[in-house]
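One structure is given below, encoded as structure tokens.
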Amino acid sequence: MKTPPNSEDELEEDNDSDDACPVFRESARFGEFHLEVGIKFGTKWDFREAVREYTIQEGRRIRLAKNDNIRCMAVCKVKECPWVIYASRDHKDTCWQIKTFNNNHTCPREDRNRAANRNWVCSKLVKKIRKYPNFRHCEATTYFRTRFDLTLNKNSISRALMDARSVVYGDEKEQYKMVRDYGLTLLKTNPGTNINSARGDAQRALSFLRLAFVEKF
Ligand SMILES: [Zn+2]
């Protein structure tokens with residue numbers, strides 16, 4: 001596949017030494033999040049989420065100036081600010097790679113109105129609720145303030161908590177339903193089976209699934 005000629009091509013720098021390029025890992029602590037030319041991502045979505053995380057860390061707002069199947073460019077929302085990041089899809093191994101990165105914001109840092117949208121806030125809370133099922137509103141407020149230097153309003157947190165719980169417990173409801181259906185099928189096909197033992201099996205299976213979830217996240 002060839003990149004069609006266009007006005008943005010000058011952003012693409014020569015980048016033949018692919019082998020030495022680091023692959024992006026999302027494990028960095030907040031504040032130590034690092035992006036640079038050459039870093040590779042599995043998908044465009046991974047690249048965009050990394051840029052979102054970075055933007056939240058840096059306390060700025062950005063917008064997508066280009067976004068298609070082969071290129072993705074984000075610029076600072078402040079018109080005069082030169083900050084830009086540009087990634088394109090690698091023609092050979094279909095990963096996405098940062099080709100241009102000017103990390104110099106001339107605009108001031110903000111402590112609100114960042115790229116922390118409902119999905120992003122929810123995704124952070126899903127991980128928390130999976131680990132701590134009773135994670136509360138005030139704990140969420142503190143978590144975002146201390147971990148991300150981010151002041152979120154009450155309603156945003158309430159909405160995101162609701163979303164996150166429905167992701168976590170929605171999952172569990174589905175699983176429980178599957179296990180219960182299995183139990184009912186057992187009862188139908190084996191009329192002698194005790195309903196309580198079927199329930200017990202379902203509960204044990206559910207506990208196992210919960211454990212599997214906690215370990216996974
Ligand atoms: Zn800026």
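Between T189 and Y132, the FRET efficiency from the beta-carbon distance, with R0 = 30 Å, is close to 0.15. The simple spin-label model puts a point 7 Å past each Cα toward its Cβ; for D46 and N103 those points are separated by 2.0 nm.
Peptide packing for 131-144, 89-102 was compared via the average number of neighbouring C-beta atoms within 10 Å per residue; ordered from the highest value, the list is 89-102, 131-144. Here the peptides 177-185, 157-165 are ranked by packing, the mean other Cβ count within 10 Å, and the order with the highest first is 157-165, 177-185.
Taking R0 as 35 Å, what's the FRET efficiency between T142 and R180 from their Cβ-Cβ distance, rounded to 0.05?
Numbers: r = 37 Å, r/R0 = 1.07.
That gives a FRET efficiency of 0.40.
Segment K92..S158, full-extension length gain: 19.3 nm, with 0.36 nm per residue of separation and the alpha-carbon distance subtracted.
Net length available on complete extension from S166 to K66 is 32.7 nm, with 0.36 nm assigned per residue and the Cα-Cα distance removed.
Computed from the coordinates by the stated procedures, all read-outs in this text should not be read as laboratory data. Remember, predicted model here, so these are calculated numbers, not experimental data. Positions of Cβ are generated from backbone atoms using ideal geometry, with glycine treated the same way; all protein chains shown enter the neighbour counts.
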